[in-house]
1. Pull up the stretch 1-52, narrow it to residues that are among the aliphatic types (A, V, I, L, M) and modelled with pLDDT under 95, then point me to the one that is nearest to Arg77 (Cα to Cα).
2. Hey, among the residues in the stretch 79-114 that are under 12 Å from the mean Cα position of the chain (by Cα) and closer than 19 Å to Asn30 by Cβ, which one's surrounded by the fewest Cβ atoms within 10 Å (Cβ to Cβ)?
3. Tally time: how many residues in the stretch 28-43 are open to solvent by 50 Å² or more (accessible area, probe 1.4 Å) and touching a strand residue (DSSP E or B) at 6+ places or on another chain (Cβ under 7 Å)?
Amino acid sequence: MAQHNDTGAWGERVAREHLLAQGYAIGAENTRYGNVEIDFIAFRDDMVIFVEVKTRSTDFADPLEAVDNRKRSRMVRAADAYLRDNGITLDYRFDIILVIGTPEGTYTVEHIPDAFLPPLHTR
């Protein structure tokens, strides 16, 4: 496995521990809908939380740039499919968790709840 894959897997483990410590229940991990993977589908306070995890060895200029518009759009479509396929009518949101550091050194976790809203579509 390439080192960036190892780092990403480590970051997801850190993010999972963070979510559990904050009282979230993990419903699914690395769930695929089509060609989109949702890192975590979590539940808390009668809400579904779709979580994208980004791991970097160094700090970001802007954490929200870690998930670009294309990724957001794809996450929204996958989340919609998950909600419909499972008959879930709970409120939902999209969170981003940034893990910055390395497994061998220190690291920080930044959890951004409600990081973005799904785009509105008019027809």
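1. Val36
2. Filtering the stretch 79-114 for residues that are under 12 Å from the mean Cα position of the chain (by Cα) and closer than 19 Å to Asn30 by Cβ, the one surrounded by the fewest Cβ atoms within 10 Å (Cβ to Cβ) comes out as His111.
3. Within the stretch 28-43, residues that are open to solvent by 50 Å² or more (accessible area, probe 1.4 Å) and touching a strand residue (DSSP E or B) at 6+ places or on another chain (Cβ under 7 Å) number 4.
The values are calculated or read from the model by the stated rules, or taken from the named source; none is laboratory data. Computed from a prediction, not measured in an experiment: that's the story for all the values here. Cβ coordinates were reconstructed from backbone atoms using ideal geometry, including for glycine residues, and neighbour counts include every protein chain displayed. The protein model used for the area step is the full one, side chains on, heavy atoms only, and it has no ligands, DNA or RNA in it. Shrake-Rupley method; radii C 1.70, N 1.55, O 1.52, S 1.80 Å.
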